[in-house]
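This report refers to the structure that appears directly beneath it.
The values are calculated or read from the model by the stated rules, or taken from the named source; none is laboratory data. It should be emphasised that the depicted structure is a prediction, and the values quoted were computed from it without experimental measurement. As a convention, Cβ positions derive from the backbone with ideal geometry for all residues, glycine included, and neighbour counts pool all protein chains shown. The area values use the complete protein model at the heavy-atom level, side chains included, leaving out ligands, DNA and RNA. Shrake-Rupley method; radii C 1.70, N 1.55, O 1.52, S 1.80 Å.
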Amino acid sequence: VEDDVIYGVNRDMRVCKQALSELSRTSEWSVASSGMVSAVTIAGDTIYGIGPDRRVWKQNLSSMTPSSDWDLVARGPMKSIAATRHTLYAVGIDSKIYRQAVASMHPLSAWELAADGEVA
């Protein structure tokens, strides 16, 4: 959720959005981006997604359109993500939690193990 808009991923793995003020059991979702992602999270004006390649991709939320491209930002393999304004957290395919500072992320940067143990 960002401002008054909720974002989600549909069956086609496309990001969709809807105004919370209009949300109902019969309201329609509109496609918000191109490309395919399996999970998304938002931090500030950036939306991050896990691509079919299990790497992390991003877009500026304010300029995202149904035809805008995603930019590769971090390697994988990851299966889910969460973000704060300064840190991106991800669950790897090994079910461990990793983190990276958003300011220093790039496609070859390493993930740091954030916690011992595994999550589902």
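Before moving on, here are some points about what is shown:
- At least 1 residues being touching a Leu at 6+ places or on another chain (Cβ under 9 Å) and not acidic (Asp, Glu) is the threshold, and among the strands (runs of 3 or more DSSP E) wholly inside the range 4-65 those reaching it are 5-9, 39-43, 46-50, 56-60.
- Test: residue in the range 47-60 that is surrounded by 14 or more Cβ atoms within 10 Å (Cβ to Cβ), over 12 Å from the mean Cα position of the chain (by Cα) and either modelled with pLDDT of 95 or more or under 21 Å from Met105 (Cα atoms) (or both): no
- With respect to the conditions (1) surrounded by 12 or more Cβ atoms within 10 Å (Cβ to Cβ); (2) within 16 Å of the chain's Cα centre (by Cα); (3) among the hydroxyl-bearing types (Ser, Thr, Tyr), Ser109 falls short on a single one, namely (2).
- Test for Val119: is it assigned to a strand (DSSP E or B) and open to solvent by less than 70 Å² (accessible area, probe 1.4 Å): no
- Flag for Met13 being open to solvent by 40 Å² or more (accessible area, probe 1.4 Å) and at positive phi: yes
- Each residue in the range 66-82 was checked for being assigned to a strand (DSSP E or B), surrounded by fewer than 19 Cβ atoms within 10 Å (Cβ to Cβ) and not acidic (Asp, Glu), and 4 pass.
- On the stretch given as the range 87-103, residues that are assigned to a helix (DSSP H, G or I) and open to solvent by 70 Å² or more (accessible area, probe 1.4 Å) total 1.
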